[in-house]
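The values are calculated or read from the model by the stated rules, or taken from the named source; none is laboratory data. Computed from a prediction, not measured in an experiment: that's the story for all the values here. Every residue, glycine among them, receives a Cβ derived from its backbone with ideal geometry; neighbour counts consider all protein chains shown.
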């Protein structure tokens, strides 16, 4: 049970990082922490104590195996996270080029 | 290699020259054995992309881009996606989208089995490898005032 | 049989364009328009299919659904597909001319088609994780499209939007993970089946809250709305039309409805939350819209307000209210995309969007002027046009259900809507023309054509509740009213 709670703690740390930090790069890192917390949680759901990988091997009967579906789903979700992070970094570089700062409080041309 | 000022020191360059081919081969191995052992299109594609990124880190961007330029990477990426989609479309031969239309029953531990899954793995590895390399080069080559749109969406509804 | 093509066509078009679009001139225009046209034809063809078969389930790869992925075509799916593909076809028609001023047109079309593939995928899929993947494809493409012009404001808006959108996606993924751990399946119908066998507990409520936060952020309901007024105006006009017209409805309202009504059994508390959120969005959006001087920003706030109407109607939950809500969804998709396309045409001719610097354009831009008039009148609910009927149904349903105060507020907000659209018309098309703009010219032909077509649909969309066309809308409503019976429908179609 405690590992699930730790995942939620990690999620909240990431959320805090996104909401409170002023540096754009730190916000992107915070988003990464959120994603990893969710992915970790998803993988832990499929974990079985003393389970093994669900791969057929010669002359072995598999009695207790780890649920492979969350692992496949997390792989997809990691790729999505990669795409989002790359896009955000590219936008952050562009923002630095236009505004000359990474400080989110100084990047406020849009309001109202 | 010819230009000693570019890139890292001699030690790094020598080691890279020795290992980069092995890394590439390992990536191809992972891709081809994706259906019978852990790994697959995505993991293998990442390793293939890493071999090129390794080259770029050690020798500077010119050497790596001579081997695989950005335009080529983007073409390979699109080709991978179209290949994957056409494999899926060929499934209509068997009546269903994504149908495993030839060598229907896979046999364990046989490399040439499992129908379309190895082909899908190859398509995914093309897509992921070229895509990851393109992302890296776009972020490395970034120069101001360069009109360069990023297409980062890896279209990954596929590699489950 | 037709179901997978809703995803195949846009994906294939996207990658073909990215492969050949740079080398062959005009190919990208042609391919994109052909793609969206064929999608429109397919989605219109799906309507009779739904009437004949009621529900169609497609097994991807020939695997039986609880194991494999399935695609489901029912009334709601068909309704949303028609809405999305109608708007997207007219928008691609418009962007042939409009996107000339940007450099990389083929990349625009690639991203556009990826976004369309994501939206169609969300609508058609019957698998919860697939829904998440398509949602992310659509979202990432839209982040890139908002930043397409790479000006300072656009980048800022896109960054804001991408951060908020990613947080929303994480909430949704967490909800899916919890639901998977609780039911150990990802198929929507199977989840519903599994949940109905378990006692109601805290878990389902917690998942519902996570989904509400996630999809609410994508829908831009008021506590979560901060990104929308930045992101939608910053994008190029065709993308604004897509984002405001269909994107927030597909990613937000459709997904919300499907998850709440068909998977988690909707409770009266949850419906009450929807009513409250809808009311707040309605009021706040309208009041913020009045003060704006930027045309597109005003439209964006107006979108928040109109989305509030739809969510309010869905929250009431009676058959009549859901009918009104879905009808308003269709109407809003049509007139909001028309208005955004109009604002694009104004910007195309005059190079400004500021209301204070415009005026007297009705003589030099007649087509834009008249279609804007139609769109504005439709959105504020002037009788013969489509918007009037949908708002009337919503208000009648609210009174029938006993929400008197809410219905009075809805009427007042409708008057407020009329006020700020009159402000838009007055400052843009009437009054004295600026001397420097005496000889501006109207937008090119295809832009005019798509605006005129949308204007015509705006006028005749009221006919959707006429007896001849009502079954189309009613079959969508029936899916939501079916509620928990969705699982029997899906599994029944498999047998």
Seminar exercise, completed: The one condition residue C:256 fails out of (1) within 12 Å of chain A (Cβ to nearest Cβ); (2) crowded, with 21+ Cβ neighbours inside 10 Å is (1)
Exercise. Failed condition for residue C:180, given (1) within 9 Å of another protein chain (Cβ to nearest Cβ); (2) over 30 Å from residue A:108 (Cβ atoms); (3) in contact with a helix residue (DSSP H, G or I) (Cβ under 6 Å, 6 or more places away or on another chain), with all others met?
Worked result: (3)
Exercise. Filtering the stretch C:128-154 down to residues that are facing chain A (nearest Cβ under 7 Å) and over 23 Å from the mean Cα position of the chain (by Cα), which residue is surrounded by the fewest Cβ atoms within 10 Å (Cβ to Cβ)?
Worked result: C:153
For this session: Evaluate the stretch C:435-445: report whether one residue or more is touching a residue at least 40 places away in the same chain (Cβ under 8 Å), assigned to a helix (DSSP H, G or I) and under 23 Å from residue C:366 (Cα atoms).
Result: yes
Problem set entry | Residues within the stretch A:14-31 that are part of a helix (DSSP H, G or I) and either in contact with a helix residue (DSSP H, G or I) (Cβ under 6 Å, 6 or more places away or on another chain) or in contact (Cβ under 8 Å) with a residue 60 or more places away in the chain (or both), tallied | 9
Problem set entry | Enumeration of residues in the stretch C:10-28 that are at the interface with chain B (Cβ under 10 Å from one of its Cβ atoms), in a helix (DSSP H, G or I) and in contact (Cβ under 8 Å) with a residue 40 or more places away in the chain | C:11, C:14, C:15, C:17, C:18
Problem set entry | Which numbered condition residue C:121 fails, given (1) farther than 30 Å from residue A:97 by Cα; (2) more than 17 Å from the chain's Cα centre (by Cα); (3) within 11 Å of chain B (Cβ to nearest Cβ) | (2)
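Condition check ((1) at pLDDT below 90; (2) within 19 Å of the chain's Cα centre (by Cα); (3) crowded, with 21+ Cβ neighbours inside 10 Å) across all residues:
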| position | (1), (2), (3) |
| --- | --- |
| C:171 | no, no, yes |
| C:175 | no, no, yes |
| C:200 | yes, no, no |
| C:203 | yes, no, no |
| C:231 | yes, yes, yes |
| C:235 | yes, yes, yes |
| C:246 | no, yes, yes |
Seminar exercise, completed: Within the stretch A:82-105, residues outside any helix (DSSP H, G or I) and either facing chain C (nearest Cβ under 9 Å) or in contact with a helix residue (DSSP H, G or I) (Cβ under 7 Å, 6 or more places away or on another chain) (or both) come out as A:102, A:104
Exercise. So how many residues does the stretch A:53-66 have that are at pLDDT below 80 and under 26 Å from residue C:176 (Cβ atoms)?
Worked result: 3
Problem set entry | Any helices (runs of 4 or more DSSP H) falling wholly within the stretch C:176-269 and containing at least 2 residues that are free of Cβ contacts under 8 Å to residues at least 12 places away in the same chain | C:202-219
Problem set entry | Answer residue from the stretch B:84-104, given it is at pLDDT 75 or above and under 20 Å from residue C:64 (Cα atoms) and is farthest from the chain's Cα centre (by Cα) among those | B:92
Seminar exercise, completed: Of C:388, C:427, the only residue that is in contact (Cβ under 8 Å) with a residue 12 or more places away in the chain and under 22 Å from residue C:296 (Cβ atoms) is C:427
For this session: Select, from A:110, A:69, the only residue that is at pLDDT below 85, over 16 Å from the mean Cα position of the chain (by Cα), within 9 Å of chain C (Cβ to nearest Cβ) and surrounded by 17 or more Cβ atoms within 10 Å (Cβ to Cβ).
Result: A:110
Problem set entry | Qualifying residue in the stretch C:353-365 (condition: touching a residue at least 24 places away in the same chain (Cβ under 8 Å), part of a helix (DSSP H, G or I) and either touching a strand residue (DSSP E or B) at 6+ places or on another chain (Cβ under 6 Å) or crowded, with 24+ Cβ neighbours inside 10 Å (or both)) | no
For this session: Look at residue B:157 and say whether it is in contact with a helix residue (DSSP H, G or I) (Cβ under 6 Å, 6 or more places away or on another chain), within 10 Å of chain C (Cβ to nearest Cβ) and at pLDDT below 70.
Result: yes
Exercise. Residues in the stretch C:121-143: is at least one part of a helix (DSSP H, G or I), at pLDDT below 90 and farther than 17 Å from residue C:253 by Cα?
Worked result: no
Exercise. Considering C:65, C:48, which residue is at pLDDT below 90 and surrounded by fewer than 21 Cβ atoms within 10 Å (Cβ to Cβ)?
Worked result: C:48
For this session: Sort through B:107, B:74, B:78 and tell me the only one that's at pLDDT below 85, over 16 Å from residue B:50 (Cα atoms) and either at the interface with another protein chain (Cβ under 9 Å from one of its Cβ atoms) or part of a helix (DSSP H, G or I) (or both).
Result: B:74
Exercise. On the given criteria, is residue A:37 within 11 Å of chain C (Cβ to nearest Cβ), modelled with pLDDT of 80 or more, in a helix (DSSP H, G or I) and out of contact with any helix residue (DSSP H, G or I) (no Cβ under 9 Å at 6 or more places or on another chain)?
Worked result: no
Exercise. Can we say residue A:63 is more than 13 Å from chain B (Cβ to nearest Cβ), surrounded by fewer than 17 Cβ atoms within 10 Å (Cβ to Cβ), over 30 Å from residue A:105 (Cβ atoms) and touching a residue at least 40 places away in the same chain (Cβ under 8 Å)?
Worked result: no
For this session: With the checklist (1) farther than 25 Å from residue C:135 by Cβ; (2) out of contact with any strand residue (DSSP E or B) (no Cβ under 9 Å at 6 or more places or on another chain) in hand, flag the one item residue A:63 doesn't pass.
Result: (2)
Seminar exercise, completed: If we ask which residues in the stretch B:29-46 are free of Cβ contacts under 8 Å to residues at least 60 places away in the same chain and within 14 Å of the chain's Cα centre (by Cα), their number turns out to be 4
For this session: With the condition kept exactly as written, say whether any residue in the stretch C:398-408 is touching a helix residue (DSSP H, G or I) at 6+ places or on another chain (Cβ under 6 Å), buried (at least 18 other Cβ atoms within 10 Å of the Cβ), in contact (Cβ under 8 Å) with a residue 40 or more places away in the chain and part of a helix (DSSP H, G or I).
Result: yes
Exercise. Going by the conditions given, is residue C:341 over 17 Å from residue C:416 (Cβ atoms) and under 18 Å from the mean Cα position of the chain (by Cα)?
Worked result: yes
Exercise. Among the candidates C:95, C:43, which residue alone is farther than 21 Å from residue C:128 by Cβ and within 18 Å of the chain's Cα centre (by Cα)?
Worked result: C:43
Seminar exercise, completed: Only unsatisfied item for residue A:79, checking (1) under 24 Å from residue C:182 (Cβ atoms); (2) more than 8 Å from chain C (Cβ to nearest Cβ); (3) modelled with pLDDT under 90, is (1)
